[in-house]
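Chemist: Structure in structure tokens, see below.
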Amino acid sequence: EARASIAMGDLLSRLGEVTRRGDPIGLLLLRLARYHTVVAGLGHRAADQLLAAAAARLAERVAAAELPQATLHRLEGETFAIAAPVGDRLALARFADALVREFAVPIAEGEQSVVLDLVTGYARTPDDAPTGDDLLQAAELALQAAQSSPAAIAGYSEELGRDRRAALALEQALRQALGTGQFEFFFQPQLDGAGKLVGAETLIRWRHPDRGLVSPADFIPVAETSGLIVPIGREVLTAACSQGRAWLEAGRPPLLIAVNVSARQCVQSGFVDEVAAVLGETGYPPHWLELEITESVAAQDAEATVALLAALKALGVRLAIDDFGTGFSSLSYLRRFPIDKLKVDQSFVRGLPDDGQSAAIARTVIALGRELSLTVIAEGVETEAQETWLVAHGCHELQGFRYSRPLPAGEFDRWRAALAGLSYAPAA
Ligand code: C2E
Ligand code: MG
Ligand code: MG
């Protein structure tokens, strides 16, 4: 017998009751994935009506389902739960699948007809969690996994729990690392086609007292989701500009210092002011600073990105698009972005010169960049054959292990001195 109830407490007491009896219970969490899009497009009134229609459809399905004694609960916002005394993973998965398919069909209410798209995560006692509270948490983890899965369905797994605990522990360690000097900043040379040093990319390193050296590929994503990227990004920017200033004061010829800026960091309000403040504090000339942003920034809101990039440009800094070719930026917007440089992603460089697909993409990116009067740099250049191919195809600049790994500032300076006394094999 299905009943749609409204309270969360209701669900918890049902879960508690069943688990106390020692019966198995399966819990499905359901979220209407497109609800916020619908609110934004049709307004709250129409969205509310559609939500009620969706709840009615769920209640109908629960009543008709082969899951005995299933109950439907409304949690916060556009999230629902179905609890049923079923310990069978396959039965839960099948029910979840039927619901997801059901919600791919438009819901009609008044004059509106919209697809609301359901995502669902499920878990069950006693295998996934011992108590009702833990079960809700396990199902929530599964729901989060479902939100980033193309199938829109995920069951809880021990791996999910382990990953989440590891990510939380990493987040805590990262928070404690702020301002303690655990972050180090390495610099990787960027050369032009004639082998002349033109720039350096700043790359962060995290030396944790117990964990050792943690790769940015591991902690930057955690820093992004936790928001810690904002203070960390400020440390990177400050370190890069201070180092750049120190090199200038030591009489080194100026070079472009590039700094990676993550999506979360630059859409934060006040980012432009922060860059201006760091430039002011360190006295580093803006035109020798380059900010590397990824295509994902542009993907969020292209109009807002145009405005953001224009404001950054107005400070006098240079802008590059990192990992170009891996995102899905709209070419028409690319034309409107006030950028200076495209970085050909290393995944395309890796296959050069023999892999036809990599070569086709690299050739296209280089041509596109040149057509738009941008500087094109290839990253991840490791071999002479790659270098020769890239320069022959019009790539302006090169970066990669072929020239140097990222180096601590002192070593970078020595590398640079050695380079000045060396002559480079001229590229084809
Ligand atoms: P990215 O910005 O695309 O940086 C290039 C990465 O490729 C660096 O890895 C670099 O060490 C590596 N690399 C350079 N040359 C070669 C090569 O010839 N072969 C190979 N296989 N790899 C090469 P790293 O330092 O581990 O950084 C990984 C990513 O982490 C960066 O990708 C960037 O997205 C992010 N990251 C690093 N430092 C920062 C930072 O300060 N702020 C932010 N927001 N992200 C950062
Ligand atoms: Mg980069
Ligand atoms: Mg890159």
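The values are calculated or read from the model by the stated rules, or taken from the named source; none is laboratory data. Treat the numbers as computed from the prediction; the structure is a model and nothing was measured. Because the Cβ atoms are built from the backbone with ideal geometry, glycine has one as well, and the counts that use them run over all protein chains shown. Side chains are part of the model used for accessible areas, which takes the heavy atoms of the whole protein and leaves out ligands, DNA and RNA. Shrake-Rupley method; radii C 1.70, N 1.55, O 1.52, S 1.80 Å.
Chemist: Calculate log10 I(q)/I(0) of the range 142-244 for q = 0.10, 0.15, 0.24 Å⁻¹, where I(q) comes from the Debye formula with a single equal point scatterer on each Cα and nothing for solvent.
Modeler: -0.41, -0.75, -1.26
Chemist: Quick one: with all protein chains in place, what share of the accessible area of the chain is carbon or sulfur, to the nearest percent (1.4 Å probe)?
Modeler: In the chain, the share of accessible area belonging to carbon and sulfur is 53 percent.
Chemist: May I have the pair-distance distribution P(r) for the chain, computed from all Cα-Cα distances with 20 Å bins from 0 and rounded to whole percent?
Modeler: 22, 42, 29, 7, 0
Chemist: Would you mind calculating the relative contact order of the chain from Cα pairs under 8 angstrom and at least 6 residues apart, reporting the percent as a whole number?
Modeler: Answer for the chain is 11 percent.
Chemist: Which value results for Rg/Rh of the range 1-129 when Rg is the Cα radius of gyration and Rh the Kirkwood radius based on the inverse mean 1/r?
Modeler: Taking Rh as the inverse mean 1/r over Cα pairs, Rg/Rh reads 0.99.
Chemist: Next question. Hey, what's the chain come to in accessible area per residue, 1.4 Å probe, Å²?
Modeler: Ligands and nucleic acids excluded, the figure is 46 Å² per residue.
Chemist: Each label point is 7 Å from the Cα along the Cα-to-Cβ direction; what then is the distance between the points at Ala169 and Phe401, in nm?
Modeler: 2.9
Chemist: Next up: Whole angstrom only: what separates the Cα centroid of the range 247-291 from the Cα centroid of the range 71-144?
Modeler: 47
Chemist: Output needed for the range 265-410: three equivalent-ellipsoid semi-axes, defined as square roots of 5 times the C-alpha gyration tensor eigenvalues, in descending order, whole Å.
Modeler: Working from the Cα gyration tensor, I get semi-axes of 28, 19, 12 Å.
Chemist: Can you grab the distance from the C-alpha centre of the range 190-234 to the C-alpha centre of the range 360-395, Å, no decimals?
Modeler: Centre-to-centre (Cα) distance: 24 Å.
Chemist: If the cut-off is a Cα-Cα distance under 14 Å, which aspartates and glutamates reach Lys341, setting aside same-chain residues fewer than 8 apart in sequence?
Modeler: Cross-link targets: Asp192, Glu201, Glu290, Glu292, Glu295, Asp322, Asp323, Glu371, Glu379, Glu397.
Chemist: In the range 182-273, which trypsin sites (Lys or Arg not before Pro) are in a loop and have at most 16 other Cβ atoms within 10 Å, using DSSP for the loop call?
Modeler: Counting only loop positions with at most 16 other Cβ atoms within 10 Å, the trypsin sites (Lys or Arg not before Pro) in the range 182-273 are Lys196, Arg211.
Chemist: Show me, bin by bin at 10 Å from 0, the whole-percent P(r) of the range 226-297 based on Cα pairs.
Modeler: Pairs per bin, as whole percents: 20, 53, 23, 5.
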